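Below: the structure, in structure tokens.
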Amino acid sequence: MKFTVNDRCIGCALCTSINAEVFEMSGEGVAFVKKQPDEGVLTAKATEAMEACPVDAIEKH
Ligand code: SF4
């Protein structure tokens, strides 16, 4: 399972507030995946962040 952030990100920071262990804001004001989650709670919270993203910028592969 691999999460990525695509170029639709508008920098709202919602994903980082849901899962700061996986998502972080870059200096350019967009989110990126700083650490791929292991299976378990971090993956569940990363999926929750993906579903909460207002512009569908988070993808799970
Ligand atoms: S929730 Fe979506 S739009 Fe907001 S910072 Fe995260 S990836 Fe970007």
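Quick notes on this one:
- About its Cα centre, the chain has a charge dipole of approximately 60 debye under the convention of +1 per Lys or Arg Cβ and -1 per Asp or Glu Cβ, with nothing else charged.
- Heavy-atom SASA rank of Glu21, Glu39 (probe 1.4 Å, accessible area, largest first): Glu39, Glu21
- For a paramagnetic label modelled on Glu21 (point 7 Å from Cα along Cα→Cβ), amide N atoms under 16 Å away belong, within region 39-60, to 39-50.
- Counting protein heavy atoms only, the chain has 52 percent of its accessible area on carbon and sulfur, 1.4 angstrom probe.
- Viscosity 0.890 mPa s, 25 °C: Kirkwood-radius Stokes-Einstein D of the chain over Cα pairs, µm²/s: 222 µm²/s
- Probe 1.4 Å, accessible area per residue of the chain, Å²: 59 Å²
- Segment His61-Ala44, length gained on full extension (0.36 nm per residue, minus Cα span): 4.7 nm
- Over the chain: helical MRE at 222 nm, DSSP H runs n ≥ 4 each giving -39500 (n - 2.57), nearest 500: -7500 deg cm²/dmol
The values are calculated or read from the model by the stated rules, or taken from the named source; none is laboratory data. Since we're looking at a predicted model, the values are computed, not measured. For neighbour counting, all protein chains shown are included, and Cβ atoms are generated from backbone atoms with ideal geometry for every residue, glycine included. SASA here: full protein model, heavy atoms, side chains in, ligands and nucleic acids out. Shrake-Rupley method; radii C 1.70, N 1.55, O 1.52, S 1.80 Å.
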